[in-house]
1. When you scan the range 51-91, how many residues do you find that are among the β-branched types (Val, Ile, Thr), surrounded by 19 or more Cβ atoms within 10 Å (Cβ to Cβ) and free of Cβ contacts under 8 Å to residues at least 60 places away in the same chain?
2. Only residues that are in a loop (DSSP other than H, G, I, E, B) and not charged (D, E, K, R): list them for the range 73-116, please.
3. All but one of (1) in contact with a helix residue (DSSP H, G or I) (Cβ under 7 Å, 6 or more places away or on another chain); (2) modelled with pLDDT of 95 or more hold for GLY41, so report the exception by its number.
4. Among all residue pairs at least 6 apart or on different chains, which show Cβ distances below 8 Å where the first residue, located in the range 1-26, is surrounded by 10 or more Cβ atoms within 10 Å (Cβ to Cβ) and the second is at pLDDT 80 or above?
5. So which residues in the range 62-89 are more than 15 Å from the chain's Cα centre (by Cα) and of a type in the set (D, E, K, R)?
6. Of everything in the range 92-115 that's of a type in the set (S, T, N, Q) and either in contact (Cβ under 8 Å) with a residue 60 or more places away in the chain or surrounded by 19 or more Cβ atoms within 10 Å (Cβ to Cβ) (or both), which residue is farthest from VAL35 (Cα to Cα)?
Amino acid sequence: MNRTQIIILLIALAIAGAVAFLFMSGPSDPRAFLVQTRQIGQELIATTNSQRLMVIGSGLHERLAQLLASPTLVEEVLPGDEPEPLGNGKATTRLILKNQKGERLGIRLQKREDGDKIDVLGYWTPGSFMEFNSRPMQRVPLH
């Protein structure tokens, strides 16, 4: 085998490995859901919406608008739920957004068993229990 054939073989093996990894790490893989949660955060920053979410309550829409008045980024994506009293063990992941002013917003997300959509279980200001939204959210349809 010459050098070119070896390189082509290595590239083919790398592609086959990547495809196999994607199939093995399908939607039930927790790492895949962490990546999806980060993508949701980026969509929320760009549009205050995400097609991946079932609904976003009006209170969360308002809080996002306040946060996004300053440039914002995905600060952190965490597996599991917050400890009580913020969490109840039902969240699959938590998304933390932070803007340039240092304001933060945490969002608890739960993967639905019946499909690809995700429920927003609640939101809070990390470091403060004052703004925790423990009431049922007013549902606003996605556009």
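The values are calculated or read from the model by the stated rules, or taken from the named source; none is laboratory data. Computed from a prediction, not measured in an experiment: that's the story for all the values here. In this analysis, Cβ positions are derived from the backbone assuming ideal geometry, glycine residues included, and neighbour counts consider all displayed protein chains.
1. If we filter the range 51-91 for residues that are among the β-branched types (Val, Ile, Thr), which is where we start, we get 55-56, 72, 74, 77.
Pick out the ones that are also surrounded by 19 or more Cβ atoms within 10 Å (Cβ to Cβ) and you get 56, 72, 77.
If we keep only those that are free of Cβ contacts under 8 Å to residues at least 60 places away in the same chain too, we end up with 72, 77.
Of the residues in that region, 2 qualify.
2. First, pick out the residues of the range 73-116 that are in a loop (DSSP other than H, G, I, E, B): 80-92, 100-103, 112-116.
Correct list: GLY80, PRO83, PRO85, LEU86, GLY87, ASN88, GLY89, ALA91, THR92, GLN100, GLY102, GLY115.
3. It is condition (1) that GLY41 fails.
4. Pairs found: SER25/ARG31; SER25/ALA32.
5. First pass over the range 62-89, keeping only residues more than 15 Å from the chain's Cα centre (by Cα): 62-63, 65-71, 83-89.
GLU62, ARG63, GLU84 - these are the residues of the range 62-89 that are more than 15 Å from the chain's Cα centre (by Cα) and of a type in the set (D, E, K, R).
6. Kept after step one, since they are of a type in the set (S, T, N, Q), are these residues of the range 92-115: 92-93, 99-100, 110.
Still in the list and also either in contact (Cβ under 8 Å) with a residue 60 or more places away in the chain or surrounded by 19 or more Cβ atoms within 10 Å (Cβ to Cβ) (or both): 92-93.
Values: THR92: 12, THR93: 10 Å.
Once the filter is applied, the top-ranked residue is THR92.
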